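Taking it in order: structure first as structure tokens, then the write-up.
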Amino acid sequence: GAVVSQHPSRVICKSGTSVKIECRSLDFQATTMFWYRQFPKQSLMLMATSNEGSKATYEQGVEKDKFLINHASLTLSTLTVTSAHPEDSSFYICSADRGEANYGYTFGSGTRLTVV
Amino acid sequence: KQEVTQIPAALSVPEGENLVLNCSFTDSAIYNLQWFRQDPGKGLTSLLLIQSSQREQTSGRLNASLDKSSGRSTLYIAASQPGDSATYLCAATKGAQKLVFGQGTRLTINP
């Protein structure tokens, strides 16, 4: 159990366009989901915490108007990179908390975004 | 502010060896500590979760320990195999559910 599906796995877009990344918990309800960004050979950087039915909480330095997060249901959170630029190219990963102390966090498979 | 450090940054060992990966954290008031594996270009796979009240967890050839008083966790891998080659990340959780990650240890098992 505890599977998180992230889609798409890879996307290439033109500068100035927007890209939406989906994160779904397939077999559990996730009241909280997290979005991370990972640069090559570096660890994960938390971008924002997404709570179902409320506004996301962004980490310091993360532009909330640039990275729009919507958590419309207990199984789906989306990250939209708006007006993408080449510097937004990165690996984006979501994770979900099923709210059980002995379960920890489950991560999606990641999305490789390339802005050209 | 919680800081998590992993040593070494990279490790290369011959197949069959037992090895230990280290993780240290500055704030001992953690909720739990989780070890993950990441293959190149992939997401994270959870390996072991140790709750703050526990001292170790085992899964197959993997054993993770937690010593909150010293701010340390170790991941022991027995009889290493080439398929174990990956980056191993530890992460600590406190209160507000946020995971704080170490920088990872890039492990290479040579056949």
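What is the one condition in (1) at pLDDT 95 or above; (2) under 15 Å from the mean Cα position of the chain (by Cα); (3) in a loop (DSSP other than H, G, I, E, B) that B:Ala79 does not satisfy?
Just one mismatch for B:Ala79, condition (2).
Give me a count of the residues in the range B:83-111 that are open to solvent by less than 50 Å² (accessible area, probe 1.4 Å), under 16 Å from B:Val20 (Cα atoms) and in contact (Cβ under 8 Å) with a residue 40 or more places away in the chain.
Residues flagged as open to solvent by less than 50 Å² (accessible area, probe 1.4 Å), under 16 Å from B:Val20 (Cα atoms) and in contact (Cβ under 8 Å) with a residue 40 or more places away in the chain within the range B:83-111 amount to 10.
Out of everything in the range B:82-111 that is among the polar types (S, T, N, Q) and not in a strand (DSSP E or B), what residue ends up being farthest from the other protein chains (Cβ to nearest Cβ)?
Of everything passing the filter in the range B:82-111, B:Ser85 is farthest from the other protein chains (Cβ to nearest Cβ).
How many residues are at pLDDT 95 or above and within 10 Å of chain A (Cβ to nearest Cβ) when one looks only at the range B:12-35?
Looking only at that region, the number is 1.
Quick one: in the range B:6-27, of everything that is of a type in the set (S, T, N, Q), part of a strand (DSSP E or B) and in contact with a Gly (Cβ under 9 Å, 6 or more places away or on another chain), which residue is surrounded by the most Cβ atoms within 10 Å (Cβ to Cβ)?
B:Gln6
Before we move on, is B:Ile30 buried (at least 17 other Cβ atoms within 10 Å of the Cβ) and in contact (Cβ under 8 Å) with a residue 12 or more places away in the chain?
In short, yes.
Consider B:Glu3 carefully, then state whether it is at pLDDT below 95 and either open to solvent by 40 Å² or more (accessible area, probe 1.4 Å) or more than 10 Å from the chain's Cα centre (by Cα) (or both).
yes
Looking only at the range A:24-40, which residues are aliphatic (A, V, I, L, M) and at pLDDT 90 or above? Explain how you work it out, then say what you get.
Here is the first cut: in the range A:24-40, the ones aliphatic (A, V, I, L, M) are A:26, A:30, A:33.
Result: A:Leu26, A:Met33.
For the range A:38-80, what are the residues that are more than 27 Å from B:Pro40 (Cβ to Cβ), hydrophobic (A, V, I, L, M, F, W, C) and touching a residue at least 24 places away in the same chain (Cβ under 8 Å)?
Scanning the range A:38-80 gives A:Leu74, A:Leu76.
Quick check on my filter: what residues within the range A:76-113 are under 14 Å from the mean Cα position of the chain (by Cα), at the interface with chain B (Cβ under 7 Å from one of its Cβ atoms) and over 21 Å from A:Gln42 (Cα atoms)?
A:Asp97
From (1) exposed (fewer than 14 other Cβ atoms within 10 Å of the Cβ); (2) closer than 27 Å to B:Gln103 by Cα; (3) at pLDDT below 90; (4) touching a Ser or Thr at 6+ places or on another chain (Cβ under 8 Å), pick out the condition that doesn't hold for A:Arg10.
All conditions are met except number (3).
Which of the residues spanning the range B:46-65 are among the polar types (S, T, N, Q) and within 18 Å of A:Glu100 (Cβ to Cβ)?
Result: B:Ser46, B:Gln51, B:Ser52, B:Ser53, B:Gln54, B:Gln57, B:Ser59.
Identify, from the list B:Ser53, B:Ser46, the residue that is facing chain A (nearest Cβ under 10 Å) and surrounded by 12 or more Cβ atoms within 10 Å (Cβ to Cβ).
Numbers: B:Ser53 fails: surrounded by 12 or more Cβ atoms within 10 Å (Cβ to Cβ).
Answer to the check: B:Ser46.
The values are calculated or read from the model by the stated rules, or taken from the named source; none is laboratory data. Given the structure is predicted, the values throughout are model-derived calculations rather than measurements. Counting neighbours? That spans all protein chains shown, and the Cβs are built from the backbone with ideal geometry, glycine included. Only protein heavy atoms, including side chains, enter the accessible area calculation; ligands, DNA and RNA are left aside. Shrake-Rupley method; radii C 1.70, N 1.55, O 1.52, S 1.80 Å.
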